[in-house]
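Some notes on the structure that comes next.
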Amino acid sequence: TRGASSVGGRTNANTYFPDPACNQEEQTNPCPLVFSTARVQLPPTPNMIEGFGRTQLDSVLWFADSQWSLWLRTNEHTKPDFMHTYTFRLLESTQRPFKVTLCYTDAPSTPGASHVLVNDLDLVILRTSVSMVLNTSIGRKVPTQSFNTDFGNGGSQKDGSNTCEQFAMPTHDVMTVTVIVVAYRLISSSQPYSLVATGLLRPKYHSWITASNGAVRSFVLGLVDNGYDAGWFLFDTFKRGKTKGLQLTDLGIKFPDVSEDMLLEMLTEADDDVNRQLDFMEFVAIVDELSTGALRSAEPLYTEEQAPAEFLQKVAANQMQTTTSSARLLTPFSCV
């Protein structure tokens, strides 16, 4: 959707008239606009002057039938030089980008302070992927891990000016991504923040969705035609009861065509209380998720720890240039 100026869309009545001296150049460069005695460059729409158009809600809000995943978390840093890490598993994506956004409200700063931010939280992304690379010594391709480090807002260094940082990856293979929120500087006693991730995150019940090309999903949903209790009675092969539930061997008997590794992943995904059994309430949660077709993200692996000294030194080394308030972002971005 094209943007609109403060008085509506572009029409003959509200068109900005460029300086006539620009007419010969407008085929190669957009003309600067004249507002009183100041010239303002008008970029193509959407832009900051005319707006960014209407929001497409199904690309911003997550619904049960969304063909992408949304994960969000609020947390807070209470110690400087500490880092929170969130490790996600991503599915292959050729269309839906993976985005992660960090936002927080900084404490009021003293006018004229040398630092733009009082509390400086920074977004760092560690990407790990596996690809097949030709090994010339043996004459065939072998799995090879690659590692990449990225900073928020697309820079090659930490962003010391903004309280909203984003990393976006338009396409990607199956990979592991570790999102790090590091408290590079913390003057206040604590600094709350919000973190949002969207894209083709590995769903919580991914193995139940994909096992046997969807046959497991169809079988489970077929069990509950007459309700959850009737479905559980059919699912609980050895009648272990609603609280004890199925074990790994029971799943192997129920789904003989599924590999043992896949069965273990299925049990791990559904075993919310981590007792290596699948009880009635966990069965209900599986059915609810599979019936909606939801791609709810699995919870990432979370850690909170002191940032290694070499990591902080690398962040500090990348922050050699002076940042001022003028370095703040002038183009908004979607948090999803």
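The values are calculated or read from the model by the stated rules, or taken from the named source; none is laboratory data. Note that the structure is a prediction, hence the values are computed from the model and not measured. All Cβ positions, even for glycine, are placed from backbone atoms using ideal geometry, and neighbour counts span all protein chains on display. Heads up: the accessible areas ignore ligands, DNA and RNA and are worked out on the full protein's heavy atoms, side chains in. Shrake-Rupley method; radii C 1.70, N 1.55, O 1.52, S 1.80 Å.
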Within region 175-191, the residues that are touching a Phe, Trp or Tyr at 6+ places or on another chain (Cβ under 8 Å) and of a type in the set (F, W, Y) are none
Which number in (1) in a loop (DSSP other than H, G, I, E, B); (2) loosely packed, with under 15 Cβ neighbours inside 10 Å marks the one condition that T128 misses?
-> (1)
S189 versus (1) at pLDDT 90 or above; (2) part of a loop (DSSP other than H, G, I, E, B); (3) surrounded by 14 or more Cβ atoms within 10 Å (Cβ to Cβ): which is the lone unmet condition?
-> (3)
Within region 199-241, track down each residue that is part of a loop (DSSP other than H, G, I, E, B), under 28 Å from S66 (Cβ atoms) and either touching a Ser or Thr at 6+ places or on another chain (Cβ under 6 Å) or not basic (K, R) (or both).
-> L200, Y205, V224, D225, G227
So which residues in region 59-85 are more than 17 Å from the chain's Cα centre (by Cα) and modelled with pLDDT of 90 or more, if there are any at all?
-> E76, H77, T78, K79, P80, D81, F82, M83
From the option list D173, D159, D150, single residue qualifying as open to solvent by less than 50 Å² (accessible area, probe 1.4 Å), closer than 19 Å to R96 by Cβ and of a type outside the set (A, V, I, L, M, F, W, C) is D150
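For (1) over 30 Å from V116 (Cα atoms); (2) in contact (Cβ under 8 Å) with a residue 60 or more places away in the chain, each residue gets a yes or a no:
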position	(1), (2)
G139	yes, no
N148	no, no
C164	no, yes
A168	no, yes
T171	yes, yes
T178	no, yes
Y184	no, yes
S194	no, yes
P203	yes, yes
Qualifying residue in region 248-260 (condition: more than 12 Å from W208 (Cα to Cα), of a type in the set (V, I, T) and in a helix (DSSP H, G or I)) | yes
Here are some residues: R73, R89. Which one is under 28 Å from S189 (Cβ atoms), in contact (Cβ under 8 Å) with a residue 40 or more places away in the chain, assigned to a strand (DSSP E or B) and not aliphatic (A, V, I, L, M)?
-> R73
Just to be sure, is L42 open to solvent by 50 Å² or more (accessible area, probe 1.4 Å) and either modelled with pLDDT under 90 or of a type outside the set (F, W, Y) (or both)?
-> no
Does D288 fit the bill of being out of contact with any His (no Cβ under 9 Å at 6 or more places or on another chain), surrounded by 15 or more Cβ atoms within 10 Å (Cβ to Cβ) and modelled with pLDDT under 95?
-> no
What number of residues within region 245-270 satisfy the criterion of being acidic (D, E) and either touching a Gly at 6+ places or on another chain (Cβ under 9 Å) or over 20 Å from V224 (Cβ atoms) (or both)?
-> 4
